Structure formats: structure tokens, C-alpha cells
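S.K.: Let me give you the structure first, and then I'll get to my questions.
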Amino acid sequence: MSKSEKIAAIKAKLAARKTSFVIQAGHPQARPVEQKRFARLAEVFPVAFSENTEAAWLIWNKIPVRLSYTYGLYTNVDSLIDLLEALTTQTNGQKEWTFISEVFITTIQVDWQYPQLTLRAQWRAKRSHLAMANVLNQKSQIQSTVPSFLAEWKIIAYQIINTLKQTQIELSDPHEQQKILRLKKIVNATNGQGQLYTKSQAP
């Protein structure tokens with residue numbers, strides 16, 4: 001399936017759903033690696049995954065944004081864990097989250113008063129994607145709930161955990177080892193899963 005066909009399929013799934021943030025996870029296959037010890041969790045992903053593997057897509061107000069399993073997880077895994085952990089352990093709060101992809105650097109203000117959650121983003125992009133950044137900035141705010149937002153990230157969190165298990169990679173830094181335990185706690189604290197993976201209920 002081509003990139004355009006994947007985006008069209010995602011949009012078709014979204015058409016019947018009233019939602020402003022969902023994630024279409026990819027189906028990446030971790031490749032065999034000779035190196036079995038890394039200092040940092042982030043360093044694992046460019047080695048464990050090919051740049052050509054299937055990506056995940058973040059759907060921001062029905063606009064698809066690509067999240068690769070190589071560069072995307074490398075640059076965002078630490079800040080993502082911090083954010084998701086805060087949402088599972090604090091009933092209210094504010095955080096600034098910087099999301100970085102191959103083409104975007106996005107500053108997201110996250111405010112929550114359980115269960116309500118608000119995201120306000122400022123999208124900046126490479127010259128080739130300025131038009132898309134402008135469209136995203138016109139739809140920069142998302143209203144959601146903490147449980148829904150966590151559920152969207154649950155499969156990605158599973159995939160991060162399973163990558164180390166499948167490749168038998170170990171982290172040498174004790175602080176980095178804790179990140180996997182933190183991810184497991186986040187998964188255990190999250191009910192359900194993303195809307196694209198939940199069967200619609202009959203009216």
C-alpha cells in the first residue's frame with residue numbers, strides 16, 4: 001500500500017468518528033541486531049528499525065503527521081514518557097512538550113484537569129512543509145480527555161517495550177532501565193486502546 005493509499009484509508013476510518021486526536025500505529029518489524037547493549041533507550045530505535053519500515057501516523061484534527069520508528073522515537077521517546085507519566089500520576093497540571101519529527105518542530109502546551117485535556121500547538125516546519133504547518137496552526141487546539149489521549153499512545157508504548165524484548169537488547173544505564181519500567185506502569189494504568197482499534201458501539 002502506497003503512502004497516499006495509507007493516508008486515504010486513515011481518513012476513511014476517521015470520517016465517521018468525532019475525534020480530534022488519534023494514532024494509527026504502524027506494524028514495524030524489528031530487525032536482528034548484533035549490538036545487544038546500549039546506554040540510552042533512544043539509541044535503540046535507529047538500529048532496531050530500518051528507515052523504510054512502516055511508520056505511525058498522528059492524526060491532529062484529522063490532519064496526518066508522520067511519526068517514524070527510527071528518527072521519530074529517537075527524538076521523542078524521553079519527552080513522551082515524561083508526558084504520559086505525568087498524565088497517569090497527576091490529576092491536574094501543565095507541561096510543555098516539544099514534538100520533533102523529520103519535518104516538524106512542534107511546541108505543545110498540555111493542560112489537564114482530570115478528565116479534561118487541552119493541547120495547544122505551534123507547528124514549525126522545513127521550507128518544503130510550510131504550507132502544511134500553516135494548516136496545522138489553523139487547527140492548533142485539541143480538546144480531549146486524559147483517558148482518551150493515553151489510550152491513543154498505548155500501542156506505541158507496547159511497541160517500544162516489545163522492541164527491547166524481541167531484539168534482546170539491554171540498557172546499561174540504570175536510569176535508562178527505569179524508563180522501561182515507567183512505560184510498563186503507564187500501559188498498566190491505561191484503560192482501552194486507541195479509537196482506530198476500538199470497535200464502534202451500536203447506537
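The values are calculated or read from the model by the stated rules, or taken from the named source; none is laboratory data. Not measured: the values here are computed from a predicted model. No Cβ is skipped: glycine too gets one built from the backbone with ideal geometry, and neighbour counts run over all protein chains shown. Keep in mind that these areas ignore ligands, DNA and RNA; they rest on the heavy atoms of the full protein, side chains included. Shrake-Rupley method; radii C 1.70, N 1.55, O 1.52, S 1.80 Å.
S.K.: Taking the stretch 151-161 as the region of interest, how many residues are surrounded by fewer than 19 Cβ atoms within 10 Å (Cβ to Cβ) and either of a type in the set (Phe, Trp, Tyr) or outside any helix (DSSP H, G or I) (or both)?
M.R.: 1
S.K.: Oh, and also: Looking only at the stretch 50-74, how many residues end up being surrounded by fewer than 20 Cβ atoms within 10 Å (Cβ to Cβ) and either in a helix (DSSP H, G or I) or among the acidic types (Asp, Glu) (or both)?
M.R.: 3
S.K.: When only residues in the stretch 85-120 that are part of a strand (DSSP E or B), of a type in the set (A, V, I, L, M) and more than 18 Å from GLN143 (Cβ to Cβ) count, which is most open to solvent (accessible area, probe 1.4 Å)?
M.R.: My answer is ILE105.
S.K.: Just name the residue that is most open to solvent (accessible area, probe 1.4 Å) out of those in the stretch 162-202 that are part of a helix (DSSP H, G or I) and touching a Lys or Arg at 6+ places or on another chain (Cβ under 7 Å).
M.R.: Taking the candidates together, the pick is GLN195.
S.K.: Now, a different point. Among SER148, SER144, which is closer than 21 Å to ASN191 by Cα and part of a strand (DSSP E or B)?
M.R.: The unique qualifying residue is SER144.
S.K.: Give the stretch 34-49 a look and list any residue that's in a loop (DSSP other than H, G, I, E, B), over 11 Å from LEU164 (Cα atoms) and open to solvent by 20 Å² or more (accessible area, probe 1.4 Å), or say none.
M.R.: GLU34, GLN35, ALA39, ARG40
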